[in-house]
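Report on one structure; see the data block that follows.
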Amino acid sequence: MVPNDDKISQFQVALIVFLTPIGVGIFTLPSTLAKDVETNGWLSLILGGLVCLLEIYFICCIAKKYSPAKFTDVLKQLFGKFLGTIFAVIIFIYFLIFSALEVRLFAETTKMYLLYKTPLEYIIIPFLFLGIILARCGIEPIARFFEAVIYLVAITFILVFLLYLPKSDYSNLLPVLRIHPLKLLKGVEDSFFSFSGFEVLLLLFPFMRDSKKSFKVSAISIMLITFIYVVIFVQCIARFGVDYTKTLLYPTLSLIKSSDVPGAFIEGIEGLLFSLWIVLIFTTLAMFIFAYSVIAGDLLKQKEAKHIVILFLPAVYIVSLLPDNIASTFELVDKLIKSLGYFVILILPTLMFIVSKIKGERA
Amino acid sequence: MLKRKKEVTYTYSPSSKTKVSKDIEENIEIIKTMLKDCDDVVFREFEVGGDGGEKMFLFYVDGMADKLLLDEFVLMPLMISSREVAPDFNQIKNKLYEVTKDNAMVVTDFKEMDIIEDIVMEVLSGDTALFISNTDKVLLIATKAFPTRSVSEPSAEIVIRGPRDGFTETIRINTALIRRRIRDPRFKIKQKRIGVRSKTDIAIMYIEDIVDKRVLDQLYSKLDKINIDAIIDSGYIQQLIEDKVFSIFPQAQTTERPDVVAAAVYEGRVGILVDNSPFALIVPVTINAFFQSGEDYYSRPVISTFIRFLRIIAGALSILAPSLYIAITSFHPQIIPAKLALSIAATREGVPFPAFVEAIIMEATFELLREAGVRLPRPIGSTIGIVGGLVIGQAAVAAGIVSPIMVIVVAITAISSFSITNYELATALRLLRFIFMIAASIYGLYGIVLSYIGTLIYVVNLKSFGTPYLAPLSPFYITDMKDSIFKLPLKYLKTRPLHFDPQDIIRQGDEDGSK
């Protein structure tokens, strides 16, 4: 019998930090990096991962001080009632819009690789519906769901890593470090935002049974993600070369498509792997939906987040259908990352950390 | 001697408690009123001490009590032997009850009782009540001996290596089968009677210092709430103690094997036996138990691990095979090699239905065959094999209704679903298969993934007596991995499964005898 207190263990925290960032972003990541930093993508990925670790360190420091207070209460304590509420609203909007865009990008990819003729709406609706069902169960079932899918996720990654890639040329990765540091910074920025999703950690602290090791476990998760991203990036460049990678829409899926399964029983492995990947995208979506409903629940002073989840469903659905096509979706994602994303995952934790330090010294 | 007959007005109600009267005639009258028209009850009035002796009265249910025992060891000493030996009857006339109890009856097991309703209750379960004149106590002699089936090999859970005994319909035999495996005074068998009319015996079995007390409390509170007229089988209890009654997943494990129950009790779980049912219940249960067989523990660990993997793959196949067929043939033929895709398309050329209809036809036929095979009398059971194999399989292909590949898919599904050890789970997966097929016919592979996610969300929220259904996989217990998907050698199974939260976790001490 497990205590029924709606609390999660440290292992579950690690899984949430690991599974939430990995979503649709990974499909486009190699081409974005190739465009900005050419062969130095792997370096910028590692640097991005380090920045991410720093942010997680900030988050954990704040949490240690204020735990187990709710996130919105912490915001109000740090920045005052008015400013804190505004920040909370911004984070709420961030999670809402990103869950919508995640769904849209996912639907577009599904249409491209699996269901050529099905309209987007029919792809989006059941997916959102399942996301809502999971999110309204509460954090503990979500965490257990993450644990239950990890086996399938592990199989997915093992399959991706074991792919036999004919004609890979690792000398494509050269030259190294022949780049202006400012340009490299652009790559670090791209890389850093590919980790977006780890910020749900901000909200998790009130739900933890014991939060002592949360920095350690989240750091391990981030390092694992960095490793996966680097492997995929390196494989893409080795297989296609920088110039060709730049032109690909979904280089990761093209990479899988170009692989060769010896003694093939399966030929079009990218469809199969993408289907497995849907589970990974689903975890991101469910966590984002949960995140915005927790914040909305706190703002609206609701004890149960269950009904809030459904309340904002139409908003998510409408936002997900706003962009006209896939290109404008990417444009919108880019715009939002440059505005909301910067604030929520880079500036806010840092700001919170600094303010809490100042306030702590005063007290 | 003329006795004044007392007027007795008596109506039975289960809650009333009538004291045994000193007047034996009154008692006889009450009991005969109560058991009027119960023609299987035998009443015997007799006198002790020869002519002019004291009156005694016994009654029992014919067929449920041991007549031989009553004749030779109760009536014989009371009526005959007592007259042949000293002391004389007149000397002990006034302490007849004590003498009968302590000196006359040659039986080991009896109790004293003084509430008529309780006495009748016990007699109806096979005991015999002995009334003695001028006494307000009754001797209840344990004479239970009713027709029982002998212990035989369970038909639903067959093992190659392992004990061959299975539960019978008699709770006493069943508890004995378990007790033989657990000779520990801390192993408790608590009995309860449930059912307002049936008064069925329920035995709750656990080891006091291992079991999770919260599970036990929860079980008792659920059992206490049951207010039903009759419990016919353990299935009744199972349905009445489960939280989610509409769920297709069983929240209590059923088994016919005493070794499985004993092993579960040693793990800190609770076994429930119900009289008249050869199926024991075990709570809490997790998905783990459904892919394990008792045999895994008796044979070589590496092989057991291999077989467990096989079962998990079989479970996945039995759900996925037809839906993958539908998804690939109607949505994603590019996934399989072009040659294979072409040959499937060629065999499907004459088939007039879409893949979904084809699959539904064949799966429904298979389900029908299976159901018919269970119901058929044994001598003509093999007919089903011929009808199923030849007529449906081959003829359906020849007639161009289904493609040969579909027949293979159905065969794989069938074989896979039979290799799942738990019958109830196998049935649940059968139902899931149809949900997956419908989803695959709408969305292809995406539909399969959607139904996978949906099923998982459901199962993750399911709990059996507070234990998450997917434990130890989710929540993850690393130490329990030694005996879940994997099966390590017994030497390394030093602790009990932690996900059942046992009080005493150590099951195997160190070699020097310490814990």
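Read the figures in this text as sums done on the coordinates, not as results from a lab. Everything numeric here is computed off the predicted structure, so don't read it as measured data. Neighbour counts run over all protein chains shown; Cβ positions are idealised from the backbone, glycine included.
Things worth noting here:
- For a paramagnetic label modelled on residue B:158 (point 7 Å from Cα along Cα→Cβ), amide N atoms under 19 Å away belong, within the stretch B:404-421, to B:414-421.
- Checking the Cα-Cα distances for B:222/B:244; A:186/A:338; B:244/B:494; A:111/A:257 against a 22 Å cut-off, the pairs over it are B:244/B:494.
- In the stretch A:10-353, taking the dipole from charged Cβ atoms about the Cα centre, the farthest positive-side position among A:234, A:124, A:134 is held by A:134.
- Between the beta carbons of residue B:346 and residue A:315, assuming R0 = 56 Å, the FRET efficiency works out to 0.65 to the nearest 0.05.
- Cα-derived Rg over Rh, computed across the protein assembly as shown with Rh taken as Kirkwood radius: 1.11
- Label sites at residue B:198 and residue B:408, each approximated as a point 7 angstrom past Cα along Cα to Cβ, lie 4.8 nm apart.
- Spatially, the stretch A:319-343 and the stretch A:66-86 are offset by 28 Å when compared through their Cα centroids.
- Cross-linked pairs A:183/A:335; B:22/B:101; A:183/A:357; B:17/B:55: Cα-Cα separations exceed 21 Å for A:183/A:357; B:17/B:55.
- Charging the Cβ of each Asp and Glu at -1 and of each Lys and Arg at +1, and nothing else, the dipole of the protein assembly as shown about its Cα centre rounds to 2400 debye.
- Placing unit charges on the Cβ atoms only, positive for Lys and Arg and negative for Asp and Glu, gives the stretch B:299-468 a dipole magnitude near 500 debye about its Cα centre.
- Near residue B:133, the amide H atoms lying under 5 Å from its own belong to B:55; only residues 5 or more places off or on other chains count, and H is placed 1.01 Å from N.
- 222 nm mean residue ellipticity, helices alone, for chain B (DSSP H n ≥ 4; -39,500 (n - 2.57); rounded to 500): -11500 deg cm²/dmol
- Sorted ascending by nearby beta carbons within 10 Å, beginning with the fewest, A:67, B:403, A:9 become A:67, A:9, B:403.
- In terms of other Cβ atoms within 10 Å, B:407, A:149 run from fewest to most in the order B:407, A:149.
- Size descriptors for the stretch A:149-211: radius of gyration and Dmax over Cα atoms are 18.6, 50 Å.
- Shape annotation for the stretch A:10-353: C-alpha extents along the principal axes are 58, 45, 36 Å, from largest to smallest.
- Residues residue A:6 and residue B:503, FRET efficiency given R0 of 25 Å [Cβ-Cβ distance, rounded to 0.05]: 0.50
- Local electrostatic count, residue B:257, Cβ distance below 12 Å [Lys/Arg +1, Asp/Glu -1]: -4
- Both the radius of gyration and Dmax for the stretch A:246-358 are 19.7, 64 Å, in that order, over alpha-carbon atoms.
- Gained length - residue A:164 relative to residue A:223, 0.36 nm times residue gap less alpha-carbon distance: 18.8 nm
- By the beta-carbon count within 10 Å of each Cβ, the least crowded to most crowded order of A:192, B:146, fewest first, is B:146, A:192.
- Projected label points at residue B:90 and residue A:69, each 7 Å from Cα along the beta carbon direction, are separated by 10.0 nanometres.
- Each part reduced to its alpha carbon centroid, the stretch B:357-397 and the stretch B:400-429 end up 12 Å apart.
- FRET efficiency estimate (nearest 0.05) - Cβ-Cβ, residue B:190 to residue B:46, R0 35 angstrom: 0.35
- For chain A, adding -39500 (n - 2.57) for each run of n ≥ 4 DSSP H residues and dividing by the number of residues yields -24000 deg cm²/dmol at 222 nm.
- Under 5 Å from the amide H of residue B:169 lie the amide H atoms of B:149, each residue being 5 or more positions distant or on a separate chain, with H modelled from the backbone and absent for Pro and chain starts.
- Distance between the pseudo-spin-label points of residue B:309 and residue B:442 (7 Å out from Cα toward the beta carbon): 3.6 nm.
- Put the Cα centre of the stretch A:160-214 next to the Cα centre of the stretch B:225-265 and the gap is 50 Å.
- One way to sum up the overall shape of chain B is the equivalent ellipsoid from its Cα gyration tensor, whose semi-axes run 60, 28, 20 Å, largest first.
- Computed on the Cα trace of the stretch B:299-468, the radius of gyration divided by the Kirkwood hydrodynamic radius gives Rg/Rh = 1.01.
- For the stretch B:24-141, dividing the convex hull volume of the Cα atoms by the residue count gives 98 Å³ per residue.
- Across the stretch A:170-183, rounded Karplus estimates of 3J(HN,Hα) from the backbone phi angles (6.51 cos²θ - 1.76 cosθ + 1.60, θ = phi - 60°) give 6, 6, 4, 6, 8, x, 9, 6, 9, 8, 6, x, 5, 5 Hz, Gly and Pro being marked x.
- Local net charge near residue B:492, Cβ-Cβ under 12 Å (Lys/Arg +1, Asp/Glu -1): +4
- Cα gyration tensor shape of the stretch A:228-295, rounded if a/c is under 1.5, else prolate or oblate by comparing a/b with b/c: oblate
- Within-15-Å neighbourhood charge of residue B:245 [Cβ basis; K, R +1; D, E -1]: +1
- Extreme residue, positive dipole direction of the stretch B:24-141, given options B:103, B:140, B:119 (C-beta unit charges): B:103
- Long-range HN-HN contacts of residue A:208 with modeled amide H, under 5 Å: A:8
- Whole-Å semi-axes of the stretch B:122-165's equivalent ellipsoid (Cα gyration tensor): 42, 9, 7
- Relative pair counts by distance (%), Cα atoms of the stretch B:130-256, 10 Å bins: 9, 30, 37, 17, 5, 1, 0
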